[in-house]
Amino acid sequence: MPSELHRVRFPARRLFHADLSRRVDEYFEGAGRSRHGGWAMGAKSAVLIAWLAVSYALLMFVSLPTWGAALLSISVGLAMAGVGFSVMHDANHGGTSSSARVNGIMSFTLDLLGASSFLWRLKHNVMHHAHPNVSGLDPDIEAGSPLLRLAPWQSRRWHHRFQHLYVWLLYGLFPLQWWFVDDARELVTGRIAGRQFPPARGRALLIALAGKALFISWAFLLPALLHPSWGLVLIWALALFVLGNVLAATFQLAHCVGDAEFIGSRGVETDWAEHQLATTVDFARGNTLLGWYLGGLNFQVEHHLFPRVCHLHYPALSRIVEETCAAHRVQYRCEPTLRSAVAANVCWLQRMGSAASLDVMR
């Protein structure tokens, strides 16, 4: 792993982290539970993939009125995001199955959805998870600059005062940048957010290129052949808008809110576990349907603390984490509802667009 990715050294594990690990180990080992998903995860993955396949097939091969095509395009966008949240995300973290082969197969769903799983593991698993909300080290925070100001160390420009209004349009366009700009540049240059990484070669490069070819075929070429009209562009744009907003907003609600801390690369004072708690916020933990759809990503605290554990365990782990935080007087951050989480994110975007906001970084 490149040395540039390890410029921050966290202090040694403290009592809170050790106690939390012990309690979670007891939850799994005491009851003989697997940390992976098992048959339940397989069934959920099948449902989500079927949702996407059926929505796409109806949209492509059935004659529909305009309103029907619009509804199905929304369904395709939601299903793509759902597969990303639950299927590819757990697999790329190694949480779907104890079998590396199964995880590898399921992680390829991200390539089929347009993005390189090879690059995503580097950006997400290595860089984001190691340094959430740390200046210069979290590519997710830096991705929107200069159009968006998501962190206090980023330069403020005049248009940022309106970013809470236009951000939704940018979210709708960001998958295009991810698929065709960021992935291409990073595969060619071997750099992510200005830092060198081991380039894709051999099998990894073949998988990345094959995934792009298959995605372009089903998402662009086949629709253009079957429905060569300007109406297709509008239907496709609607699906893209839904996909981009759902994906981007889910990340924003966990990290870009007032309760989350933003930390300079020289300002890390807590150990790794307490850093994850300081920079990450859960939301809508009681909303079972939302949690099912988001693949447990409304339990972002638990995901950051235990990324290799299947998301089906997150609701139970959240109770353990909250109890351990209370015992050690460590702050556990959570927004009670989806609505309050969205409001907190909008307030943060407004705050970052205002003139003075450097006081929120330590």
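The values are calculated or read from the model by the stated rules, or taken from the named source; none is laboratory data. Being a predicted model, the structure only gives us computed values, none of them experimental. Note: ideal-geometry Cβ built from the backbone for every residue, glycine included; neighbour counts use all protein chains shown. When the accessible area is computed, the model is the full protein with side chains, heavy atoms only, and any ligands, DNA or RNA have been set aside. Shrake-Rupley method; radii C 1.70, N 1.55, O 1.52, S 1.80 Å.
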Can you name the residue in segment 113-151 that is crowded, with 22+ Cβ neighbours inside 10 Å and of a type in the set (S, T, N, Q) and is also nearest to GLU186 (Cα to Cα) among such residues? SER116
For ALA204, work out the one condition from (1) within 25 Å of HIS129 (Cβ to Cβ); (2) assigned to a loop (DSSP other than H, G, I, E, B); (3) more than 21 Å from the chain's Cα centre (by Cα) it doesn't fulfil. (2)
Applying the selection to segment 303-319, what residues are open to solvent by less than 10 Å² (accessible area, probe 1.4 Å) and either of a type in the set (Phe, Trp, Tyr) or over 17 Å from ALA40 (Cβ atoms) (or both)? HIS303, HIS304, TYR314, SER318
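Looking only at segment 159-204, count how many residues are of a type in the set (A, V, I, L, M), open to solvent by less than 70 Å² (accessible area, probe 1.4 Å) and either closer than 29 Å to VAL342 by Cβ or touching a residue at least 60 places away in the same chain (Cβ under 8 Å) (or both).
Of all residues in segment 159-204, those of a type in the set (A, V, I, L, M) come to 165, 167, 169-170, 173, 176, 181, 184, 187-188, 192-193, 200, 204.
In the following step, the residues that additionally are open to solvent by less than 70 Å² (accessible area, probe 1.4 Å) were identified as 167, 170, 176, 184, 187, 192-193, 200, 204.
Applying the additional criterion that residues be either closer than 29 Å to VAL342 by Cβ or touching a residue at least 60 places away in the same chain (Cβ under 8 Å) (or both) yields 167, 170, 176, 187, 192-193, 200, 204.
Of the residues in segment 159-204, 8 are of a type in the set (A, V, I, L, M), open to solvent by less than 70 Å² (accessible area, probe 1.4 Å) and either closer than 29 Å to VAL342 by Cβ or touching a residue at least 60 places away in the same chain (Cβ under 8 Å) (or both).
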With respect to the numbered conditions (1) touching a residue at least 40 places away in the same chain (Cβ under 8 Å); (2) not in a loop (DSSP other than H, G, I, E, B), which one is the sole condition not fulfilled by ARG149? (2)
Can you spot a residue in segment 175-193 that is assigned to a loop (DSSP other than H, G, I, E, B), at positive phi and in contact with a helix residue (DSSP H, G or I) (Cβ under 8 Å, 6 or more places away or on another chain)? yes
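Determine which member of the set ALA248, ALA224 is open to solvent by less than 60 Å² (accessible area, probe 1.4 Å) and either within 24 Å of the chain's Cα centre (by Cα) or of a type in the set (S, T, N, Q) (or both). Break it down stepwise before answering.
Numbers: ALA224 fails: either within 24 Å of the chain's Cα centre (by Cα) or of a type in the set (S, T, N, Q) (or both).
ALA248 is the lone residue from the list that is open to solvent by less than 60 Å² (accessible area, probe 1.4 Å) and either within 24 Å of the chain's Cα centre (by Cα) or of a type in the set (S, T, N, Q) (or both).
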Is there any pair with a first residue in segment 9-37 that is free of Cβ contacts under 8 Å to residues at least 40 places away in the same chain and a second that is of a type outside the set (Lys, Arg) and assigned to a loop (DSSP other than H, G, I, E, B) whose Cβ atoms are under 6 Å apart and which are 6 or more apart or on different chains, and what are they? none
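For segment 93-112, which positions are open to solvent by less than 50 Å² (accessible area, probe 1.4 Å) and at negative phi? Let's see the steps before the verdict.
Initially, segment 93-112 is screened for residues open to solvent by less than 50 Å² (accessible area, probe 1.4 Å), giving 93-97, 99, 103-104, 106-107, 109-111.
Matches in segment 93-112: HIS93, GLY95, THR96, SER97, SER99, ASN103, GLY104, MET106, SER107, THR109, LEU110, ASP111.
Can you pull out every residue in segment 53-68 that is closer than 14 Å to LEU240 by Cα and among the hydrophobic types (A, V, I, L, M, F, W, C)?
Just the residues of segment 53-68 that are closer than 14 Å to LEU240 by Cα, to begin with: 56.
Across segment 53-68, there are no qualifying residues.
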